[in-house]
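*Asks:* Handing you a structure now.
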Amino acid sequence: MPKPARKFPTRLAIIAAGIALIAAAFAAYLTPTRSRASLIGGPFALQMGDGKTLTDKDLIGHPYLVYFGYTHCPDVCPTTLAQISDVLRKLPGKPVKALFITVDPDRDSPKAMGDYVSSFDPRVIGLSGSPAEVEKAEKAFRVYARKSPTKEGDYSMDHSSVVYLMDRNGAFAEAFNLERSAEESAKELATYL
């Protein structure tokens with residue numbers, strides 16, 4: 001009577017394949033910093049207050065900050081832009097810019113954005129565009145934004161409030177922390193110059 005075939009090598013192969021799969025998944029989990037970073041940011045082409053187009057390619061070579069908001073925002077947007085301006089003032093003459101991209105292109109024309117940012121550091125650039133262009137930028141930066149009707153029949157904008165730090169190559173570096181002194185923030189920003 002023939003001996004039954006040994007199942008040990010088959011089980012061993014299945015276990016080895018399972019371990020390899022787990023190891024690959026774990027390795028992917030440990031290296032998502034670059035992968036996740038590449039998920040934020042990307043190509044955009046929006047208009048400045050003077051009507052000229054600014055693209056992500058125009059900013060290559062220097063770090064920059066990106067913040068999404070709108071000119072009718074009652075508190076968070078102007079406060080954040082004031083904080084960004086305080087940081088930029090600690091870096092006089094340094095080639096770093098901050099982009100303020102509207103989430104409300106229906107009301108925020110390029111000129112309105114240019115007028116609005118004139119109250120802040122001159123390196124803050126207001127950007128707008130068609131709803132499709134703005135939506136493309138929102139998607140590139142994973143921004144949440146939607147209209148929220150008010151009792152008066154108007155609307156406000158609900159939106160995420162993250163300041164993105166992009167490095168000199170235009171890649172996402174980090175969510176920039178403004179919850180510290182302007183000096184500390186400027187010192188960190190200077191390390192990207």
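*Asks:* Can you name every residue in the range 108-158 that is assigned to a strand (DSSP E or B) and over 28 Å from K94 (Cβ atoms)? Please lay out each step first, then the result.
*Replies:* At the first step, the residues of the range 108-158 found to be assigned to a strand (DSSP E or B) are 124-128, 145-149, 155-158.
Correct list: A145, R146, K147, S148, P149, Y155, S156, M157, D158.
*Asks:* Additional query: Quick one: how many residues across the range 140-177 are without any contact (Cβ under 8 Å) to a residue 60 or more places away in the chain and either over 12 Å from L65 (Cα atoms) or crowded, with 16+ Cβ neighbours inside 10 Å (or both)? Give the derivation first.
*Replies:* Initial filter on the range 140-177 (without any contact (Cβ under 8 Å) to a residue 60 or more places away in the chain): 144, 146-155, 158, 174-175, 177.
Filter once more, keeping what is either over 12 Å from L65 (Cα atoms) or crowded, with 16+ Cβ neighbours inside 10 Å (or both): 144, 146-155, 158.
Of the residues in the range 140-177, 12 are without any contact (Cβ under 8 Å) to a residue 60 or more places away in the chain and either over 12 Å from L65 (Cα atoms) or crowded, with 16+ Cβ neighbours inside 10 Å (or both).
*Asks:* Is it the case that K52 is touching a residue at least 12 places away in the same chain (Cβ under 8 Å) and basic (K, R)?
*Replies:* On the way: touching a residue at least 12 places away in the same chain (Cβ under 8 Å): no; basic (K, R): yes.
So K52 fails the test.
*Asks:* Pick out the one residue from D75, D108, D104, D86 that is touching a residue at least 60 places away in the same chain (Cβ under 8 Å) and in the same structural domain as E183 (by TED's automatic domain parsing).
*Replies:* Values: D75 fails: touching a residue at least 60 places away in the same chain (Cβ under 8 Å); D108 fails: touching a residue at least 60 places away in the same chain (Cβ under 8 Å); D104 fails: touching a residue at least 60 places away in the same chain (Cβ under 8 Å).
Going through D75, D108, D104, D86 in turn, just one is touching a residue at least 60 places away in the same chain (Cβ under 8 Å) and in the same structural domain as E183 (by TED's automatic domain parsing): D86.
*Asks:* Would you point out the residue of the range 54-75, among those that are under 13 Å from the mean Cα position of the chain (by Cα) and part of a strand (DSSP E or B), that is farthest from K94 (Cα to Cα)? So that I can check it myself, show each step before the final result.
*Replies:* Taking the range 54-75 and keeping what is under 13 Å from the mean Cα position of the chain (by Cα), we get 56, 63-69.
If we keep only those that are part of a strand (DSSP E or B) as well, we get 64-69.
Working: Y64: 11, L65: 13, V66: 17, Y67: 19, F68: 23, G69: 24 Å.
The extreme case among them is G69.
*Asks:* Right, something else. Against the definition (of a type in the set (D, E, K, R), free of Cβ contacts under 8 Å to residues at least 60 places away in the same chain, in a strand (DSSP E or B) and surrounded by fewer than 13 Cβ atoms within 10 Å (Cβ to Cβ)), how does R180 come out, yes or no? Lay out the reasoning, then the answer.
*Replies:* Working: of a type in the set (D, E, K, R): yes; free of Cβ contacts under 8 Å to residues at least 60 places away in the same chain: yes; in a strand (DSSP E or B): no; surrounded by fewer than 13 Cβ atoms within 10 Å (Cβ to Cβ): yes.
The answer is no for R180.
*Asks:* Looking only at the range 123-149, count every residue that is touching a strand residue (DSSP E or B) at 6+ places or on another chain (Cβ under 6 Å) and over 23 Å from I84 (Cβ atoms) and tell me the total.
*Replies:* 4
The values are calculated or read from the model by the stated rules, or taken from the named source; none is laboratory data. Remember, predicted model here, so these are calculated numbers, not experimental data. So basically every Cβ, Gly included, is an ideal-geometry build from the backbone, and we count neighbours across all protein chains shown.
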